[in-house]
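The structure appears right after this line, and notes come after that.
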Amino acid sequence: MTTTYNCTSDDQRAEGLQHAQRAISEKKCIVMPTDTVYGIAADAFSPLAVTMLLASKGRSRQMPPPVLIPRINALDGLATDVPADARALAQAFWPGGLTLILHAQPSLDWDLGDTKGTVALRMPDDELALELLGLTGPLAVSSANRTGQEAAQTASEARLQLAESVEVYLEGGFRPVQGTAAVPSTIVDATSTPFKVVRQGAISLDRLRDIVPSVLGVGEVAAPEAAGEQSEADAGGVIDAASERVTEAPSESVTEAPSESDLGAASDTTPTSASADGEAGPSSGAAREATPE
């Protein structure tokens, strides 16, 4: 039976968190607020639960959901070969509206969809979301809406779209703020150098470049001469690609995140990979969404 809890009330908040934790352990889906939009969440380590999440949204395995985590140090348990620059971005913008696409730990027993060996991670800047994540551990989270529809900014809006496919709705008020538009997380593909923004969202390109100057914006590619220099960097050198960005010609194709608003997350969707925090991804190969991520 589907239940909505008003988490602005202390009593209902505690009861709702307990019910949501139980539902996650039973491989069911819940809806939760994040700092961007509302997300539909499921146990990231249960293929059945992730399949139910995708079915609730009307989404295929080609658009796997991002994963929301409760703390930065969970990053190394879920991703491998994490670049120093990716850590720097996480330190600067987590918790917050940044989703990082990284190489997934190959030893993990999970199936988020056709990820091509990547995972999109985000730590949300939302007290209720972090409290739930502290109880459940990492959650697969996508924007709480049917694919192609507007991202939900309240649990009641999410329920109109997702109905009985969700066991628990945690109502925490408008996200991000009443009267403002839904803003997905910014998604950065950190699986290759230079890093590339595959969906622009809450964190601006200028702010990203304050931390990692070489980050490419959506529709930008590294200048051809940078390719040879990058090979030398791979052999042990370090280059500054900040001055080697060019805008991609219209005739060249670049896979970008879909227009649906993340939630990681997210509307927390994405080589592929993109939302908690919504959502399709870079040339490396994992589809994501704007999860509320």
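The values are calculated or read from the model by the stated rules, or taken from the named source; none is laboratory data. Since the structure is predicted, the reported quantities are computational estimates derived from the model, not experimental observations. No Cβ is skipped: glycine too gets one built from the backbone with ideal geometry, and neighbour counts run over all protein chains shown. All accessible areas refer to the heavy atoms of the entire protein, side chains included, with ligands and DNA or RNA removed. Shrake-Rupley method; radii C 1.70, N 1.55, O 1.52, S 1.80 Å.
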Hz values of 3J(HN,Hα) by residue in the stretch 36-41 - Karplus curve (6.51, -1.76, 1.60), Gly and Pro given as x: 9, 9, 7, x, 9, 10
Among 121-127, 36-42, 107-113, how do they line up from the highest to the lowest mean number of other beta-carbon atoms within 10 Å? 36-42, 121-127, 107-113
Amide H contacts of residue 218 (H built 1.01 Å from N, under 5 Å, at least 5 apart or other chain): 197
Calculate one ³J(HN,Hα) per residue across the stretch 48-57 by plugging θ = phi - 60° into the Karplus curve 6.51 cos²θ - 1.76 cosθ + 1.60, and present them in order as whole Hz with x for glycine and proline. 5, 5, 5, 4, 5, 4, 4, 5, 4, 7
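Of 72, 30, which has the most accessible area with a 1.4 Å probe, and how do the rest follow in descending order?
72, 30
Which order do the peptides 138-144, 199-205, 94-100, 114-120 come out in when sorted by mean C-beta neighbours inside 10 angstrom, highest first?
Ranking, from highest mean packing down: 138-144, 94-100, 114-120, 199-205.
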For the stretch 108-162, build the charge dipole from Cβ charges (+1 Lys, Arg; -1 Asp, Glu) around the Cα centre, then report which of 130, 153, 112 sits farthest towards its positive end. 112
Going residue by residue through the stretch 72-87, the Karplus relation 6.51 cos²θ - 1.76 cosθ + 1.60 with θ = phi - 60° gives ³J(HN,Hα) values, rounded to whole Hz and with x marking Gly or Pro, of 4, 5, 6, 4, 6, x, 10, 10, 10, 6, 6, x, 4, 5, 5, 4
With a ≥ b ≥ c the root eigenvalues of the C-alpha gyration tensor of the stretch 182-224, is it rounded (a/c under 1.5), prolate (a/b larger than b/c) or oblate? prolate
Hey, can you rank 206-215, 47-56 by average C-beta count inside 10 Å, highest first? 47-56, 206-215
If you average the alpha carbon positions of the stretch 164-222 and of the stretch 95-123, how far apart do those two centres end up, in angstrom? 15
quick note, the stretch 1-122, DSSP beta bridge pairs, % antiparallel (nearest 5) is 85
Can you bin the stretch 21-168 into rounded, prolate or oblate? Criterion: square roots of the alpha carbon gyration tensor eigenvalues sorted a ≥ b ≥ c, rounded for a/c under 1.5, prolate for a/b above b/c, oblate for the rest. prolate
